[in-house]
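Visitor: Sharing a structure here in structure tokens format.
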Amino acid sequence: MKGFEYLQDQLDDMKNEGTFRTLIPLESKQGSKVQIKGKEVIQLSSNNYLGLTSHPKMVEAAEKANQEYGVGTGSVRTIAGTLQMHEDFEKKLAKFKHTEAALVFQSGFTTNQGILSSILTEQDVVISDELNHASIIDGIRLTKAARKIYKHVDMESLEQALKESSDYRTKLIVTDGVFSMDGNIAPLPEIVELAEKYGALVMVDDAHASGVLGENGRGTVNHFGLDGRVHIQVGTLSKAIGVLGGYVASTQTLREYLIHKGRPFLFSTSHPPAVTAANDAAIDVLLEEPELIDKLWGNTKFFKDGLKKLGFNTGISETPVTPVMIGDDALTHKFSDELFEEGIFAQGIVFPTVQRGKGRIRTIVTAEHSKEELQDALNAFEKVGKKLNII
Ligand SMILES: *Cc1c(COP(=O)(O)O)cnc(C)c1O
């Protein structure tokens, strides 16, 4: 069909640059070992931190919900698509997060979009870390508010932006809790101090901290003992929680406002019963099986220490997100391909997801990995690292 030549040209450019990608289907369920291209490999690229994508209690809850309530809801939340279980789950989430209220969106992406696009006007300013997630960037694009970008986790740069913002009605500082490409944690205590000094609101996106940091996986706010001092906590139900969805944990006022103004909430159909039931069961799992989080952090330490001992540069990571810095884009992809030959699935991340020349293999270990699997992975990294002269 004619008409898409201009798009094909861009795809051809990507092919020449080596940045063109195809999707890589799993031929098995998600897990510490998966089947890809007919081969069983150790999975180091998922966000399935706690292995909850197939937790028996959650699978059972989903199956029961399918049987009792069917597979879909047939409406958006605001018209006829709110089930009692949606509301019950939000109450449970709010209690878990130690906030007044919570509201679930279709995904973490739409949560950020829905909040940022609706709560700010031209009278306001949003102040954002330069390495915030794409969904925050897109949410900001949808507001009429003024924007200021501060240097990554740089508190002087943030303070400067706050000083320049005194004329605005609402000043909203927004940051990832854990940065997804480097695995470092935002300096929330300092951010909150500055926010309080300059009368700003704070919004934290805890996609990579939900289920990972804080007591029972409550996130970075709880991790730093800042309960009650961060205005908006965004979380995802799609990563460590193992299912799908995003949520905001905040005040009743914000919840009610977003029910009226959060556009993805208003104009996109609610979660199927099985999704909500599985998410609900996941909170029980977080409360009842804290050993999963302990195992995740034990595995993280083992793997990170192993990589460092081998001489790899793992950047500034402090969490299970551990990048192995390679540099050159093509070499990064080569490294990933060689790892696959050795039975390890660990994707390379290159420009434009990270800066040019900062290509890396981003690894995420999970609670599900055994020590043997992690040792096998370290052995493969050693072999490939030596072969490609990285170590
Ligand atoms: C993954 C991610 C999201 C999106 O969450 P989904 O539930 O997958 O849509 C939002 N913010 C950050 C920081 C993320 O890493």
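The values are calculated or read from the model by the stated rules, or taken from the named source; none is laboratory data. Small disclaimer: the values here were computed from a predicted structure and weren't measured. Using ideal geometry, Cβ is built from the backbone for each residue, glycine included, and neighbour counts are taken over all protein chains shown. What goes into the accessible areas is simple: the full protein's heavy atoms, side chains included, and nothing from ligands, DNA or RNA. Shrake-Rupley method; radii C 1.70, N 1.55, O 1.52, S 1.80 Å.
Visitor: Taking region 94-110 on its own, how many of its residues are closer than 15 Å to Ser210 by Cα, part of a helix (DSSP H, G or I) and either among the charged types (D, E, K, R) or within 16 Å of the ligand (Cβ to nearest atom) (or both)?
Guide: 4
Visitor: Yes or no: Gln113 away from the ligand (no atom under 16 Å from the Cβ) and polar (S, T, N, Q)?
Guide: no
Visitor: Which numbered condition trips up Glu60, out of (1) open to solvent by less than 50 Å² (accessible area, probe 1.4 Å); (2) charged (D, E, K, R); (3) more than 30 Å from Leu172 (Cα to Cα)?
Guide: (1)
Visitor: Ok, one more. With respect to Met203, is the statement that it is touching a residue at least 24 places away in the same chain (Cβ under 8 Å), within 14 Å of the ligand (Cβ to nearest atom) and either touching a His at 6+ places or on another chain (Cβ under 9 Å) or at positive phi (or both) true?
Guide: Taking the combined requirement at face value, the residue satisfies it.
Visitor: Report yes if Ser117 is open to solvent by less than 50 Å² (accessible area, probe 1.4 Å), without any contact (Cβ under 8 Å) to a residue 60 or more places away in the chain and small (Gly, Ala, Ser), otherwise no.
Guide: Considered against the rule, which asks whether it is open to solvent by less than 50 Å² (accessible area, probe 1.4 Å), without any contact (Cβ under 8 Å) to a residue 60 or more places away in the chain and small (Gly, Ala, Ser), Ser117 comes out as no.
Visitor: While we're here: Can you name every residue in region 146-171 that is out of contact with any helix residue (DSSP H, G or I) (no Cβ under 7 Å at 6 or more places or on another chain) and under 26 Å from Thr319 (Cα atoms)?
Guide: Those that are out of contact with any helix residue (DSSP H, G or I) (no Cβ under 7 Å at 6 or more places or on another chain) and under 26 Å from Thr319 (Cα atoms): Ile149, His152, Val153, Asp154, Glu156, Ser157.
Visitor: Condition (residue is open to solvent by 10 Å² or more (accessible area, probe 1.4 Å), more than 16 Å from the ligand (Cβ to nearest atom) and among the β-branched types (Val, Ile, Thr)) applied to region 230-238: is it met by at least one residue?
Guide: The answer is no; no qualifying residue exists.
Visitor: Being closer than 20 Å to Asp284 by Cα and at pLDDT 95 or above narrows it down to one residue among Glu100, Glu130; which is it?
Guide: Of the residues listed, the single one that is closer than 20 Å to Asp284 by Cα and at pLDDT 95 or above is Glu100.
Visitor: Does region 10-63 hold any residues that are in contact (Cβ under 8 Å) with a residue 40 or more places away in the chain, part of a loop (DSSP other than H, G, I, E, B) and within 16 Å of the ligand (Cβ to nearest atom), and which are they?
Guide: Ser45, Ser46, Asn47, Asn48, Tyr49, Leu50
Visitor: Taking region 151-183, which residues are in a loop (DSSP other than H, G, I, E, B) and open to solvent by less than 10 Å² (accessible area, probe 1.4 Å)?
Guide: Ser165, Gly177, Phe179, Gly183
Visitor: Quick check on Gly228: is it touching a residue at least 40 places away in the same chain (Cβ under 8 Å) and either of a type in the set (Asp, Glu) or closer than 30 Å to Ser32 by Cβ (or both)? Break it down into steps so the answer makes sense when it comes.
Guide: Numbers: touching a residue at least 40 places away in the same chain (Cβ under 8 Å): yes; either of a type in the set (Asp, Glu) or closer than 30 Å to Ser32 by Cβ (or both): no.
Here the answer is no, as Gly228 does not meet what is asked.
Visitor: To continue, here is another question. Quick one: which residue in Lys148, Lys91 is away from the ligand (no atom under 16 Å from the Cβ), open to solvent by 10 Å² or more (accessible area, probe 1.4 Å), more than 20 Å from Gly219 (Cβ to Cβ) and of a type outside the set (A, V, I, L, M, F, W, C)? Quick ask: steps written out before the conclusion?
Guide: Working: Lys91 fails: more than 20 Å from Gly219 (Cβ to Cβ).
From the options Lys148, Lys91, the qualifying one is Lys148.
Visitor: At pLDDT 95 or above, surrounded by 12 or more Cβ atoms within 10 Å (Cβ to Cβ) and in contact with a Gly (Cβ under 6 Å, 6 or more places away or on another chain) - does that describe any residue in region 20-41?
Guide: Yes, because at least one residue in region 20-41 is at pLDDT 95 or above, surrounded by 12 or more Cβ atoms within 10 Å (Cβ to Cβ) and in contact with a Gly (Cβ under 6 Å, 6 or more places away or on another chain).
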